[in-house]
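K.L.:
Structure below; questions to follow.
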Amino acid sequence: MIKIPAKSWFNSIFARLIFTYLVFVLPLILLGVYLYHWSYDNASQEISLSTERRLDQYAVELNREIEWMELQQFDIAEDRKLNRLAVLWDMMDQVERRDTLNYLSERLASFKNSTAYIRNVHVHIPTVNKSISATQGIDNFDESAYEYFSSGIQGKGTRFTVKEETMNLSAVRLTGKRGEPPLFVVQVELDTEHFRNELTRLNLYPESSTFLIENQTGQAITDNQPREAILSNYRQYSVKGTHDDGFRMKVEGTLYHVSESHMDSLGLSLATYLPEKIVTRPLSKFYHWAWLFAITSFIAITAYLYSSYRLIHIPLLLLVKRFKKMEGGVLDIPIVHHRQDEFGFLYTRFNQMIENLQSLIDRDFKQTMMMQRAELKQLQSQINPHFLYNSFFILNSLARTGETERIEQFTNMLGEYFRFITRNETDHVKLKEEVDHSRIYTEIQQLRFSRRIKVDFGSLPVGMERIQVPRLIIQPIIENAYEHSLEKNTASGLLVIRFHLEAPYAEITVEDNGSDLHERDIHLLQERLHNDAGTEEMTGLMNIHRRLVLTYGEKSGLFLSRSELQGLKVTIRIQCKEGEMECIDY
């Protein structure tokens with residue numbers, strides 16, 4: 001598979017196609033999500049408003065019923081016959097007692113039957129040792145109920161008293177004397193079952209749950225279905241008056257919408273729980289269609305991107321890959337194809353282009369090689385006559401003095417020297433061979449100038465030995481230093497040759513301590529070297545510089561500067577190319 005570099009992926013046409021497609025598709029997806037949430041919020045709001053209206057209406061009705069019951073309870077507590085019975089029981093005859101008790105029993109029954117919210121009505125009279133109720137009539141005195149409701153401590157809410165999980169309305173008739181117990185207690189026992197039926201009637205859905213809570217005591221009446229988990233959760237987290245507009249709560253993994261109605265005057269709260277699935281039920285089809293649209297869009301995006309990748313991205317990357325190889329100098333890379341579209345046209349033109357480019361490069365390369373060979377021959381012809389004259393002069397001097405061993409050493413060095421410069425089988429040698437040749441040349445010159453010229457010839461790093469270089473790039477520079485600087489120097493001369501390797505460059509420096517050059521002269525020599533506008537003295541240096549540039553590129557060549565020895569410093573710079581030579585710093 002063809003891969004594009006990570007840094008350029010975001011700038012690729014494939015990435016732009018993805019971005020363009022998403023620009024058109026994402027708004028549609030976002031619009032669908034918005035419509036779903038908008039519909040959900042509207043449905044939730046409508047259900048919440050409907051539930052709250054039902055709760056508020058029931059709260060008004062319940063408040064009216066409780067007020068009416070309290071009014072009737074007050075009338076009973078103020079009843080003249082009841083008060084006379086409680087005070088004058090011992091002074092009444094049997095007939096009057098029986099008539100009064102029957103009267104009270106009938107009145108309580110009438111009160112109880114006036115509303116479905118009452119289960120029973122009791123009057124507990126300690127002075128007569130009787131408890132009268134609407135359902136049981138005249139019964140023995142219920143001392144525990146009398147004590148419970150008259151104490152006003154246990155189960156006391158805002159307006160209700162809770163006894164045995166039943167809410168009661170209670171009223172007491174005091175004697176008017178401090179410390180004395182009440183004359184009697186009027187107990188209105190509310191019907192819990194009727195409350196449950198009413199709460200069930202408030203549920204909009206079977207899954208809903210409605211309950212009534214007495215805020216002070218926490219006593220709750222739920223609908224007809226067991227909702228202990230919901231009720232426990234509500235008691236734990238709900239705070240009166242903090243959720244007037246309703247809220248959401250999760251119970252046993254199910255999310256509920258909660259609507260409330262607070263009856264502060266009665267100390268009661270109504271709450272309805274509605275599962276969220278009820279709200280989303282009308283949107284189920286829309287939800288399914290939304291998912292279908294999302295899946296279809298994903299499949300469409302995948303198919304679109306895959307087809308774009310096959311039809312556009314891969315052919316384009318193939319072309320880019322061939323261009324990159326062509327930039328690296330690899331030209332035998334025609335694209336084999338059978339396409340009849342626009343890429344087929346581009347591939348055909350690319351193949352024709354590399355064929356023409358290969359032809360031009362071959363022709364230019366042959367011309368360059370011929371020029372290099374001609375320059376090398378010219379350099380060899382320049383070196384040979386001058387060096388032969390000096391060599392014969394040294395041999396003549398050694399023969400006169402009879403130094404046969406030095407003559408043998410010198411002739412061996414001379415033979416190696418001429419063997420190197422006269423061989424024509426190749427134009428490139430290993431740098432180690434070029435350095436050995438230059439070292440032999442320097443040793444030959446030392447036979448002439450050993451007394452007034454010293455040479456510091458550094459060692460060649462192992463990492464530079466196998467670098468392939470054009471022949472005769474060091475020795476002519478050393479010879480130039482002897483002829484134009486060291487031989488003319490009246491003081492002691494010094495020639496230093498050093499080697500330095502720091503990727504991606506390998507450098508060879510030749511410097512002397514000549515004193516005739518100025519900064520302006522060095523700058524002028526450098527300009528002539530790079531502008532190919534040198535004199536006859538510059539021909540050798542220009543030949544070396546041109547061959548280095550042709551071989552290694554524009555960043556290679558000769559670079560002239562002033563030496564720390566105050567003479568000329570010539571730096572031979574070779575740009576190491578990965579895969580073409582060994583250039584490793586050991």
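The values are calculated or read from the model by the stated rules, or taken from the named source; none is laboratory data. The shown structure was predicted, so the numbers you read here are calculated from the model rather than taken from an experiment. Cβ sites come from the backbone with ideal geometry, for glycine too, and all protein chains shown count toward neighbours. These area figures cover heavy atoms from the full protein model, side chains too; ligands, DNA and RNA do not enter into them. Shrake-Rupley method; radii C 1.70, N 1.55, O 1.52, S 1.80 Å.
K.L.:
Non-local amide H neighbours of GLY514 (under 5 Å, H modeled in plane, Pro and chain starts lacking H): which ones?
P.N.:
Sorted by chain and number, the residues that satisfy this are GLY567, LEU568.
K.L.:
Right, here's the next one. With the cut-off at 31 Å, tell me which of the pairs LYS156/LYS277; LYS430/LYS555; LYS430/LYS569 have Cα atoms farther apart than that.
P.N.:
Beyond 31 Å: LYS156/LYS277.
K.L.:
I'd like the FRET efficiency for ASN351 and VAL23, computed as 1/(1 + (r/R0)^6) with the beta carbon distance as r and R0 of 45 Å, rounded to 0.05.
P.N.:
0.75
K.L.:
With a 1.4 Å probe and every protein chain kept in, tell me what percent of the accessible surface of segment 384-478 is carbon plus sulfur.
P.N.:
C and S fraction of accessible area: 51 percent.
K.L.:
Now, a different point. Can you tell me the FRET efficiency between ILE138 and THR158 if r is taken as the Cβ-Cβ distance and R0 is 30 Å, rounded to the nearest 0.05?
P.N.:
Calculated value: 0.40.
K.L.:
Next up: Once amide H atoms are placed 1.01 Å from N in the peptide plane, what residues at a sequence separation of 5 or more from ALA134, or on another chain, have their amide H within under 5 Å of its amide H?
P.N.:
Answer set, sorted by chain and number: VAL121.
K.L.:
On to the next question. Could you go through segment 204-214 in sequence order and give the Karplus-derived ³J(HN,Hα) for each residue, using 6.51 cos²θ - 1.76 cosθ + 1.60 with θ = phi - 60°, rounded to whole Hz, and x for Gly and Pro?
P.N.:
Once rounded to whole Hz, the list reads 6, 9, x, 7, 6, 9, 10, 8, 10, 10, 7.
K.L.:
I'd like the accessible area for VAL496, computed on protein heavy atoms only with a 1.4 Å probe and all protein chains in place. Round to 10 Å², please.
P.N.:
20 Å²
K.L.:
Label point 7 Å out from ASP90 along Cα-to-Cβ: which residues of segment 164-206 have amide N under 16 Å?
P.N.:
181, 183
K.L.:
Still on this structure: With a 1.4 Å probe and all protein chains kept in place, how much accessible area does LEU31 have, in Å² rounded to the nearest 10?
P.N.:
Counting only protein heavy atoms, the figure is 90 Å².
K.L.:
If r is the Cβ-Cβ distance from ASN102 to SER39 and R0 is 56 Å, what FRET efficiency results, to the nearest 0.05?
P.N.:
The computed FRET efficiency comes out at 0.30.
K.L.:
Would you mind telling me the share, in percent, of accessible area of segment 35-179 contributed by carbon and sulfur at probe 1.4 angstrom?
P.N.:
Carbon and sulfur together cover 46 percent of it.
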